[in-house]
Amino acid sequence: MPIDNEPETPLGAAAPKKKRKASSVRHTRAVQLDRSKRPAAAPPDEQIVARLTEIVHPATLAQLDYYRQLGLRARVLTLPVMVALVLSLIWRQVGGVSELARLVRSEAMLWLPGLKVSQQALSARLGSLPAELFLRVLTSVLPLMQSRWQARQRRLPPEVAWAQARYTQLSVVDGSTLDGLVHKLGLLRDAPGTPLAGRMTALLELGSRLPRQIWYTAEATANDQSFWPVILASLSAGALLIYDLGYTNFAHFAQLTATHVTFITRAKSNLVYQVSQTLRQTPQVWDQCVWIGKNETRQQVRLIQVLYQGVRYRYLTNALDPQVLPAGYVAALYWQRWRIEEAYALVKRLLGLAYFWVGSENGIRLQLWATWLLYAVLVDLTDAVAEALTQPFAALSVEMVYRSLPHFTHAYHRGTATEVVAFLAANATWLGILKRPRKHAQQKRLALTQLLSA
């Protein structure tokens, strides 16, 4: 079955030449130009403001003691003011700091009334306000979002529901390089080339699709392997972690096993291994215990091969007992790794993390944490709509939930709608919130169901 977008070569066939990945620079510049030229979205209605305020504002106020401990003065652009401004900048897709300075003079921004402030003062504050404060707000909001998810009733994919009941933590990890910075900004005016904004790595909860941890480095060329220490520190015994080939490291595989963390990953095409036991061999599934590594990294894992339409997909896991983690669930859960790619697409393309307003590392961090904060709020809203529709989260488009909010604003001011979740659920079809069934996806799910029941 097509568990991943990068199938391995069929047995006996010549390895195809990999196509060179197209450059994203042109796309990034197009996003930047579009973002800087388009008018800002209309102010959100009272319902959306109330929802954002309820979730974010208490977490912001809780950081004021720490704000003062850092020796920061009670000036005009305080932490609550800056959080309201940055969230509005992202949520309303304002073209830049200059435009924000104009808007805030005449409009309220979330819990912030109109404010007279210059573009220079805003830019300076984005460069100087410790980004750690925004990270602390995000870190305090995420458990609240997770608890709201746990309180809801809606269907999960069968493989996710199965794993959710058996593991203390069900997570997927991956990294993504941030796009190029606008060259005309501040300190970048005299810099050669187009510098990238760095690299982020997210640890995403597979059930809720909410981030558990997010890490950032200003080094855009940083390897995924460099994040292993912080990844390992964030996991507890009984967890299940899913990751791709970029994290292949036998020493860290052994560390996961020693800390009683189960992993699922892809096996490299040039993997060297020694078979110790064949657990299952059918035309569709081949399940073996194998030895990998050398010396201190030598260890026993399971190599699971799944055949679909002449292509063999290979996976590794340290769960040696097929009764504890059946081969079908290994393949099905790895397919769910794509959820983190969808999360990156939302924060970068939909919420604008492909466009940066400042050239400083501090400003990038502020925008990064604020964008993931709004991503969590948007996922929470989508999940509430899914519950109202008695549909699984995967049946809904997060993007169309976001793009449907102006329709609710218009209906709210006309007096034909009073509550955002009820409005989105009642109009989910024509708004495009409910995804259209696709033949390929249906075939994929059927193959998955057959494998899980085999």
Original post:
With +1 on each Lys and Arg Cβ and -1 on each Asp and Glu Cβ, how big is the dipole of the stretch 152-341 about its Cα centre, in debye rounded to the nearest 20?
Top reply: 400 debye
**OP:** Count charges around residue 74 for me, please; just the other residues with Cβ under 15 Å from its Cβ, Lys/Arg as +1, Asp/Glu as -1.
**Re:** +3
Original post:
At what distance in nm do the modelled label points of residue 422 and residue 118 sit from each other, each positioned 7 Å from its Cα along Cα→Cβ?
Top reply: 4.9 nm
Original post:
Excluding residue 236 itself, what net charge comes from residues whose Cβ is under 15 Å from its Cβ, given Lys and Arg +1 and Asp and Glu -1?
Top reply: +1
Subject >> Pairwise FRET efficiency - residue 298 versus residue 65, Cβ, R0 = 51 Å, nearest 0.05 >> reply: 0.50
**OP:** Go through the stretch 224-241 residue by residue and turn each phi into a ³J(HN,Hα) via Karplus (6.51, -1.76, 1.60, θ = phi - 60°); whole Hz please, and just put x for glycine and proline.
**Re:** 4, 4, 5, 8, 4, x, 6, 5, 4, 5, 8, 9, 10, 4, x, 7, 10, 10
Subject >> Centre separation in Å (Cα based) which lies between the stretch 389-408 and the stretch 62-115 >> reply: 28 Å
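Taking R0 as 41 Å, what FRET efficiency do you get between residue 46 and residue 309 from their Cβ-Cβ distance, rounded to the nearest 0.05?
With R0 = 41 Å, the Cβ-Cβ based efficiency is 0.20.
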Subject >> Net length gained if the chain between residue 430 and residue 260 were fully extended (0.36 nm per residue, minus Cα distance) >> reply: 56.5 nm
**OP:** Note the full-extension length gain between residue 324 and residue 414 as 0.36 nm times their separation in residues minus their Cα-Cα distance, in nm to one decimal.
**Re:** 26.8 nm
Original post:
Extension gain residue 75-residue 161, at 0.36 nm per residue separation less the Cα-Cα distance, in nm?
Top reply: 26.1 nm
Original post:
Cα to Cα, under 15 Å, and not fewer than 8 places away if on the same chain: which aspartates and glutamates meet these conditions relative to residue 348?
Top reply: 34, 174, 179, 399
Subject >> Packing-based order for 326-339, 224-237, using average beta carbon neighbours within 10 Å, highest first >> reply: 326-339, 224-237
Subject >> Highest to lowest packing among 253-260, 418-425, 79-86, scored as the average C-beta count within 10 Å >> reply: 79-86, 418-425, 253-260
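Computed from the coordinates by the stated procedures, all read-outs in this text should not be read as laboratory data. Quick caveat, the model's predicted, so the values are computed rather than measured. Here the Cβ is made from the backbone with ideal geometry for all residues, glycine too, and neighbour counts use every protein chain on show.
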